[in-house]
1. Is there a residue in the stretch 49-69 that is farther than 15 Å from Arg117 by Cα and charged (D, E, K, R)?
2. Within the stretch 82-103, can you find the residues that are within 13 Å of the ligand (Cβ to nearest atom) and either surrounded by fewer than 18 Cβ atoms within 10 Å (Cβ to Cβ) or part of a loop (DSSP other than H, G, I, E, B) (or both)?
3. Any residue at all in the stretch 171-179 that's away from the ligand (no atom under 12 Å from the Cβ) and among the charged types (D, E, K, R)?
4. Select from the stretch 129-161 the residues that are in a helix (DSSP H, G or I) and either of a type in the set (Ser, Thr, Tyr) or buried (at least 20 other Cβ atoms within 10 Å of the Cβ) (or both) and list them in ascending order.
5. Would you say Leu9 is more than 8 Å from the ligand (Cβ to nearest atom), within 24 Å of Pro130 (Cβ to Cβ) and not in a helix (DSSP H, G or I)?
6. Can you pull out the residues in the stretch 12-23 that are within 7 Å of the ligand (Cβ to nearest atom), part of a helix (DSSP H, G or I) and of a type in the set (Gly, Ala, Ser)?
7. Inspect the stretch 215-228 for any residue being touching a residue at least 60 places away in the same chain (Cβ under 8 Å) and among the polar types (S, T, N, Q) and give the result as yes or no.
Amino acid sequence: MQFTNRKILITGGNSGIGQALAEALQARGNRIVITGRKQASLRQMLDRNPDMAGYMLDVTDEAALAAFPAGLLADHPDLDAAILNAGIMEAEDYTADPVSLDVAERTIATNLTAPIRLAAALLPHLQSRPAAALVTVSSGLAFVPKAGNPVYSASKAAIHSWTQSLRHQLRETSVAIHEIVPPLVATELTPGQSRQAMALPLDAFIGEVMGILSQDIVPDEILVERVAFLRNAEAEGRFDAVFTALNG
Ligand SMILES: NC(=O)c1ccc[n+]([C@@H]2O[C@H](COP(=O)([O-])OP(=O)(O)OC[C@H]3O[C@@H](n4cnc5c(N)ncnc54)[C@H](OP(=O)(O)O)[C@@H]3O)[C@@H](O)[C@H]2O)c1
């Protein structure tokens, strides 16, 4: 599917990567529907972009998540694509006693269960479109884990694996399955991250992603140059060195 003149849902479109992607895709002639958990930033985004549609949705609210797709498709029967971007990244300490599982459970619900449920609900509709796409958002940490964020890294490794299986199952349908694999990008995914010198500026990241999404044949994985260090570490025999570099 070409990412132009489409109607595209972006979860977590009120902040960071989702917000920037929503505005960049709209500038390329797409009609954008966003979801956000926080009402104030969702409202600000919609005020700034009056042509966008938006929904409040906490993807960890099981009832709200279950009800969302039917309402979305009733309002937007022309939906062509979904970018399942909403995610959280929090630290966990398995040396603590007791080990708290709050972060683990919240992370799995947000980063793994929610995209699976949304995809399951939206894929029958997407398959009815002549050309459609489902896009997941994993992370370079899917390929080399950050030890301070074990379930985050595992949730992204799981999303990567799940995306590969979806792509295979849907290979003879109209739905293309893509995976955006961001490196460290300057957003507030974790507090202060947007000011980290090592983080790729958000506009540079989005510029590269849009370049890839504009190619005649959009690759399965949307890989910006910076993420090759993590994405290809194991294949290139660098896993242990990169793990050490990442985790000290
Ligand atoms: N930035 C990076 O370095 C990086 C690297 C690799 C992968 N990623 C991935 O990129 C995606 C976007 O992250 P970001 O960097 O743009 O961070 P961000 O600015 O914190 O954005 C995260 C988005 O997810 C939404 N979200 C979180 N929990 C939610 C929930 N329970 N229900 C509904 N929405 C929820 C947030 O909505 P609210 O603002 O309303 O809470 C926000 O819109 C995530 O999947 C992240 O894992 C980011």
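The values are calculated or read from the model by the stated rules, or taken from the named source; none is laboratory data. Small disclaimer: the values here were computed from a predicted structure and weren't measured. Reconstructed Cβ throughout: ideal geometry from the backbone, glycine too, with neighbour counts over all protein chains shown.
1. Yes, because at least one residue in the stretch 49-69 is farther than 15 Å from Arg117 by Cα and charged (D, E, K, R).
2. Matches in the stretch 82-103: Asn85, Ala86, Gly87, Ile88, Met89, Glu90.
3. Keep residues of the stretch 171-179 that are away from the ligand (no atom under 12 Å from the Cβ), which gives 171-178.
Filter again for among the charged types (D, E, K, R), leaving 171-172.
So far as the stretch 171-179 goes, yes, one or more of its residues are away from the ligand (no atom under 12 Å from the Cβ) and among the charged types (D, E, K, R).
4. Scanning the stretch 129-161 gives Gly140, Leu141, Ala142, Val151, Tyr152, Ser153, Ser155, Lys156, Ile159, Ser161.
5. Yes; evaluated as a whole, the condition is true for this residue.
6. Residues satisfying the conditions are Gly16, Gly18.
7. no
Residues are listed down the side, and each one gets a yes or a no for (1) within 24 Å of Ala186 (Cβ to Cβ); (2) more than 8 Å from the ligand (Cβ to nearest atom); (3) modelled with pLDDT of 95 or more:
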| residue | (1), (2), (3) |
| --- | --- |
| Leu25 | yes, yes, yes |
| Ile32 | yes, yes, yes |
| Ser41 | yes, no, yes |
| Met45 | yes, yes, yes |
| Asn49 | yes, yes, yes |
| Thr60 | no, no, yes |
